[in-house]
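The values are calculated or read from the model by the stated rules, or taken from the named source; none is laboratory data. Quick caveat, the model's predicted, so the values are computed rather than measured. Methodologically, a virtual Cβ is constructed for each residue, glycine included, from the backbone with ideal geometry; neighbour enumeration extends over all protein chains shown. In case anyone asks, the SASA skips ligands and DNA or RNA and just uses the protein heavy atoms, side chains included. Shrake-Rupley method; radii C 1.70, N 1.55, O 1.52, S 1.80 Å.
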Number of protein chains: 2
Amino acid sequence: MARVYNFSAGPSMLPEPVLERARDELLEFRDTGMSVMEMSHRGRDFVGIAEKAEADLRDLLAIPANYRVLFLPGGATAQFAAVPMNLLRGKTRACYLSTGLWSEKALAEAQRYATVTLAASGKADGFTRIPPRDEWHLDPEAAYFHYTANETINGVEFHTVPEVDGLPLVSDMSSNLLSRPLEVERFGLIYAGAQKNMGPAGIAVVIVRDDLVGQPLPSTPSLLDYRKQAEQGSMLNTPPTYNWYLLGLVLEWLKDEGGLAALEARNLRKANKLYAALDRSAFYSNPVEPSCRSRMNVPFRLAAPELEPLFLKEAKAAGLVNLEGHRSVGGLRASIYNAMPEAGVDALIAFLAEFERQHG
Amino acid sequence: MARVYNFSAGPSMLPEPVLERARDELLEFRDTGMSVMEMSHRGRDFVGIAEKAEADLRDLLAIPANYRVLFLPGGATAQFAAVPMNLLRGKTRACYLSTGLWSEKALAEAQRYATVTLAASGKADGFTRIPPRDEWHLDPEAAYFHYTANETINGVEFHTVPEVDGLPLVSDMSSNLLSRPLEVERFGLIYAGAQKNMGPAGIAVVIVRDDLVGQPLPSTPSLLDYRKQAEQGSMLNTPPTYNWYLLGLVLEWLKDEGGLAALEARNLRKANKLYAALDRSAFYSNPVEPSCRSRMNVPFRLAAPELEPLFLKEAKAAGLVNLEGHRSVGGLRASIYNAMPEAGVDALIAFLAEFERQHG
């Protein structure tokens, strides 16, 4: 069949030009006579790929020089442990904000290493809004403050960087990094698994301010030790080289597309028109407070939930796939990351109208 | 240029049919309308890929039913920590054998979690032989015994499974798993990064006997907790899906080639003829005791070491690349894993003779 519009929450769509280039270079990268996945990570060719990826990421996000950029194996879950292991620095407490399943997971893993103080939780509201800043209880003794910039399951997203009384600010940006410009200098640490906006699963990016690394807990596995990884250029061991290469291709594509300001404008258009289509009719609904709605993940329900299996079936037949909601909440969800073309969102909107016309 | 014979120690050559299939399926896997790297890891298509890889691995290695097979992010270095974190089970000591740089690395990481007793070390011999079994001091209080089945740098390899007085036997087989049949039932745990004989970097295989999992150290990151990963089918988090798929393609190729007995026969032929070529003349030398010589990694020197840069240059011109020795020992090295065709070894042998004729 032809390629479909894939609304999966992650792993998710990759830009077609990236896939085409990966295909064309699969057996022979340039004049090396080998695939990127066959290259020694310490050879000149792969080091060039790795360095270009870091330079492009620094360029796209305007990362200041006093921040280290790490490319680490695994995804955000490894960082759920690595963050407290590296950032407690002699303290015993860390402050977390809960806005959905992913913050809850980060918080639970941190509790293995730290006393976690909860700044606030959106749970009582069914995670349909981010608790307002004036309801947060910040812990002045915390080593850092952690929040999840975008929750993929309930579809809530921060649209500004929170102010946290001078605590080092740590954010899981797995699902919205590179979807818009970012004030990196306001953060102590940013981490993100690649498989939403950056590339295939199996590699994560960590951006960390220099002065925060170097005092890991004694039990920290070397692979999760940010200082050791920084000293070794993220090659303490053999890194996931092919994933790194693909991530680099996505970064090149982002630059070709005009950078993060251009991506943000496109992502805004996509999200705004999709929410407008859902709000237009009582046949569809999205429960999230408008100011917190995610530009990346749009959960929605039908007024007649018994039609949802039919919706999914007909959508799939129309080339619109993976519109199921997360198994923990059910319903429907459209994930519309960077690589989802505007035409894919337009096709979904047309399908929403047609499905309502037939079944509404 | 054309594809070369790549003697890199890892990441290393992959079978050309695997690369061709990956290329052909890159934009669309079967009738899914998407690339494998765009698939949800929980969707039917990817789960099928993952289950087939496990079934093929179990089949190739005849893995007994009471062993769990895990596919984990990262490589062997993550397991250097995970092994003691999971296998100490209330004990405080672990027994390690040192046969080269990789056993030394495993041992150093284990010291963060356990009191390590050294069974024996090949260091005094420059790691040119494996200390004979009757020189080992086994620690009866150790939670397990660890050895490195093949050392890529010095080129020593175990050709039989050691007997260790009933201690759970743990082995890093990153560089020789799947190169020959194996008595899995003699082991407590086997682990291996994929990037030598199994696939691209970024994924590791752990084969562990059921009764050894379930008592991790409290500080064990969830991602490294074997029991949690076993319960979740190695999907505690988003796994490195594309790496897993490529690993699966390599497993299918191994079966197509006739399985591990056929591979062993080919690998023996390759290694034997290469060592014979090196032993034939005083112009070349390999320092390893013949009974311990690795079938996977063949380090060698020239009698005139000043000619080694020229050797590398002329070899590269002849399409034989990455013959440098590891940076810690210098010299030359040919890694001839499963995916190195016999024709590649023949070409290297012909080059050895021609280089000696011109410069000997």
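Quick notes
- Selection count, the stretch B:112-145, where residues are touching a helix residue (DSSP H, G or I) at 6+ places or on another chain (Cβ under 9 Å), of a type outside the set (Gly, Ala, Ser) and outside any strand (DSSP E or B): 9
- Residue A:247 away from every other protein chain (no Cβ under 14 Å) and under 30 Å from residue B:19 (Cα atoms): no
Condition check ((1) under 19 Å from the mean Cα position of the chain (by Cα); (2) at pLDDT 95 or above; (3) among the aliphatic types (A, V, I, L, M); (4) assigned by TED's automatic domain parsing to the domain that holds residue A:323) across all residues:
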residue	(1), (2), (3), (4)
A:207	yes, yes, yes, no
A:215	no, yes, no, no
A:248	yes, yes, no, no
A:252	yes, yes, no, no
A:282	no, yes, yes, yes
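- Among residues of the stretch A:159-192, those that are in contact (Cβ under 8 Å) with a residue 24 or more places away in the chain, open to solvent by 10 Å² or more (accessible area, probe 1.4 Å) and small (Gly, Ala, Ser), counted: 1
- For the stretch A:15-55, a residue qualifies if it is β-branched (Val, Ile, Thr) and in contact (Cβ under 8 Å) with a residue 40 or more places away in the chain, and the qualifying residues are A:18, A:36, A:49.
- Residues of the stretch A:326-352 classified as part of a loop (DSSP other than H, G, I, E, B) and open to solvent by 20 Å² or more (accessible area, probe 1.4 Å), total: 6
- Within the stretch B:193-216, the residues that satisfy the criterion of being assigned to a loop (DSSP other than H, G, I, E, B) and surrounded by 24 or more Cβ atoms within 10 Å (Cβ to Cβ) are B:194, B:195, B:196, B:197, B:198, B:199, B:200, B:201, B:202.
- Helices (runs of 4 or more DSSP H) wholly inside the stretch B:217-316 that include at least 1 residues being on the phi > 0 side of the Ramachandran plot: B:259-279
- Inside the stretch B:213-224, residues that are closer than 20 Å to residue B:80 by Cβ and either touching a His at 6+ places or on another chain (Cβ under 9 Å) or more than 10 Å from chain A (Cβ to nearest Cβ) (or both) make up a count of 3.
- Condition broken by residue A:280, with the remaining ones in (1) touching a strand residue (DSSP E or B) at 6+ places or on another chain (Cβ under 8 Å); (2) open to solvent by 10 Å² or more (accessible area, probe 1.4 Å) satisfied: (1)
- Here residue A:300 clears all of (1) within 28 Å of residue A:125 (Cβ to Cβ); (2) open to solvent by 20 Å² or more (accessible area, probe 1.4 Å); (3) away from chain B (no Cβ under 14 Å) except the condition numbered (2).
- Note on the stretch A:15-26: residues that are surrounded by fewer than 18 Cβ atoms within 10 Å (Cβ to Cβ) and within 8 Å of another protein chain (Cβ to nearest Cβ) amount to 3.
- With respect to the conditions (1) more than 13 Å from chain B (Cβ to nearest Cβ); (2) touching a Gly at 6+ places or on another chain (Cβ under 6 Å); (3) surrounded by fewer than 20 Cβ atoms within 10 Å (Cβ to Cβ), residue A:3 falls short on a single one, namely (1).
- The set of residues in the stretch B:228-243 being more than 14 Å from chain A (Cβ to nearest Cβ) and either buried (at least 20 other Cβ atoms within 10 Å of the Cβ) or in contact (Cβ under 8 Å) with a residue 40 or more places away in the chain (or both) consists of B:230, B:233.
- Within the stretch A:98-134, restricting attention to residues that are in contact (Cβ under 8 Å) with a residue 60 or more places away in the chain and within 22 Å of the chain's Cα centre (by Cα), the residue that is surrounded by the most Cβ atoms within 10 Å (Cβ to Cβ) is A:106.
- Residue check, residue A:246 in contact with a Pro (Cβ under 6 Å, 6 or more places away or on another chain), in contact (Cβ under 8 Å) with a residue 12 or more places away in the chain and either surrounded by 21 or more Cβ atoms within 10 Å (Cβ to Cβ) or under 20 Å from residue A:190 (Cβ atoms) (or both): yes
- Within the stretch A:249-277, considering residues that are without any contact (Cβ under 8 Å) to a residue 12 or more places away in the chain and more than 30 Å from residue A:70 (Cβ to Cβ), the one surrounded by the most Cβ atoms within 10 Å (Cβ to Cβ): A:272
- Top-ranked residue of the stretch A:303-315 - restricted to ones that are under 29 Å from the mean Cα position of the chain (by Cα) and of a type in the set (D, E, K, R), ranked as least open to solvent (accessible area, probe 1.4 Å): A:308
- Evaluated against (1) within 9 Å of another protein chain (Cβ to nearest Cβ); (2) hydrophobic (A, V, I, L, M, F, W, C); (3) under 23 Å from residue B:36 (Cα atoms), residue A:29 falls short on exactly one condition, (1).
- Test: residue A:43 is closer than 30 Å to residue B:75 by Cβ, within 14 Å of chain B (Cβ to nearest Cβ) and out of contact with any strand residue (DSSP E or B) (no Cβ under 8 Å at 6 or more places or on another chain): yes
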